[in-house]
1. Add +1 for every Lys or Arg and -1 for every Asp or Glu among the other residues with Cβ under 13 Å from the Cβ of residue 162, and state the total.
2. Report the label-to-label distance for residue 321 and residue 87 in nanometres (one decimal), using points 7 Å from each Cα along the Cα→Cβ vector.
3. Would you mind getting me the FRET efficiency between residue 338 and residue 180? Use the beta-carbon distance for r and R0 = 51 Å, nearest 0.05.
4. So what is the calculated 222 nm ellipticity per residue for the chain, using -39500 (n - 2.57) for each DSSP H run with n of 4 or more, over all residues, to the nearest 500 deg cm²/dmol?
5. Taking +1 at the Cβ of each Lys and Arg and -1 at the Cβ of each Asp and Glu, which of 196, 295, 264 sits farthest along the dipole of the chain towards its positive end, judged by Cα position relative to the Cα centre?
6. How big is the gap, in Å, between the Cα center of region 88-144 and the Cα center of region 162-198?
7. For the chain, take the longest principal axis of its alpha carbons; what is the angle in degrees between that and the long axis of helix 74-86, to the nearest 10 within 0 to 90?
8. Taking only Cα atoms, what is the 0 to 90° angle, nearest 10, from helix 2-13's long axis to the longest principal axis of the chain?
Amino acid sequence: MEKKLKHLGILAQFEMSNYLTKEPFKGHSFIYPSVAGGKIIPIFKILLSNYCKFNCLYCANRKDRDCPRYRLSPDFLAETFFNFWKKNYVAGLFLSSSIDGDVNEIQEKIIETAKILRKKFNYPGYIHLKILPGADPYLIKKASIYADRLSLNMETVSTTLLKKISKEKDFSKSLLKTLKNLSIINQERGLKSGITTQFIVGSENEKDKDILGFSFYLYRNLKLRKIYYSGFSPVPATPLENKTPCEFKRILRLYQADTLIRKYGFRSDEIIFDEEGNLDKDKDPKEKWAEKNPSFFPVEITKDDFEILIRVPGIGFQTAKKIIKVRKETKITPEILKKIGVRKKSFQYITVSGKNIVEENNEKEDEF
């Protein structure tokens with residue numbers, strides 16, 4: 001059984017991409033170091049099965065790939081996880097599966113694992129269940145009873161792109177329709193940790209503009225909690241094994257732009273792209289937006305609203321809150337701004353009581 005857990009744990013860490021790129025956490029491949037609130041949270045992340053009927057070009061579990069195949073039973077997996085949790089080795093469960101046969105039968109087994117944990121073991125902690133493409137809405141509702149978070153992997157952003165990497169899957173009727181069902185159920189029931197999805201980036205010639213445009217739609221219309229961008233990494237013995245991996249910088253910029261959309265109130269059409277529809281890999285997308293919108297600046301630090309302050313490069317949510325709090329209590333000065341965390345690069349975009357800090361500093365230097 002240890003061999004099964006190890007193998008299905010490895011595959012679960014990078015079920016979409018980034019195959020075998022991290023060392024086992026705490027000595028176990030199925031314990032994944034998730035980051036939440038600035039802390040590392042150990043999550044028991046595993047596949048129920050890696051048998052699959054699909055032949056996605058990038059996937060380590062594709063049907064035609066010659067590799068070991070394993071299945072776990074809901075009873076065994078629930079008990080194994082619970083024992084790890086009792087020993088404080090893990091803080092939650094992330095359960096997914098490849099699709100071997102009927103989608104609803106596999107989905108039932110995923111749900112059954114969570115049900116056993118909740119009902120038999122009275123497990124009170126975090127459970128994240130993967131919803132499989134095409135799963136019956138009744139099963140999604142059932143999963144929502146036991147899970148804190150539900151997710152479905154969209155994989156890519158259009159029918160055309162999906163057909164290039166996974167001819168057997170239907171973008172609209174299977175993937176997007178199922179995600180919409182998740183959204184409806186989440187809005188009805190209010191999942192504690194919401195719903196999420198994931199895209200593979202770099203397996204085809206998708207553009208950042210298309211990715212973020214679709215992300216904007218999902219955030220605004222389906223109320224997703226978060227979207228994950230998984231950089232493509234070639235898997236041995238797959239048709240894409242010789243394809244170039246996605247650059248880390250591209251993923252970094254996508255996450256930065258995603259944050260502007262998800263948290264900072266930017267529309268996707270405000271993000272700046274190059275002529276090919278991609279982000280500048282060498283510059284933060286907020287700085288890029290500031291360069292292209294000089295009429296928005298300078299921002300007056302002593303009176304402008306929170307929504308305006310957070311558009312300044314180098315000023316995030318926490319710093320903006322500090323500025324608003326401090327300016328109610330005392331007179332804002334450049335020295336105070338530095339103390340509360342306003343970065344040097346922000347000064348070119350702001351004024352303090354009408355004065356430009358950069359120009360003022362230059363004048364002082366000229367005196368010498």
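Coordinate-derived values only; no laboratory data. Model, not experiment: these values are computed from the prediction. As a convention, Cβ positions derive from the backbone with ideal geometry for all residues, glycine included, and neighbour counts pool all protein chains shown.
1. It works out to a net charge of -1.
2. 3.8
3. The calculated FRET efficiency here is 0.60.
4. Estimated from H runs of four or more residues: -12000 deg cm²/dmol.
5. Sorting the options by dipole projection puts first 196.
6. 15
7. Helix 74-86 and the main axis of the chain meet at about 50 degrees.
8. 40
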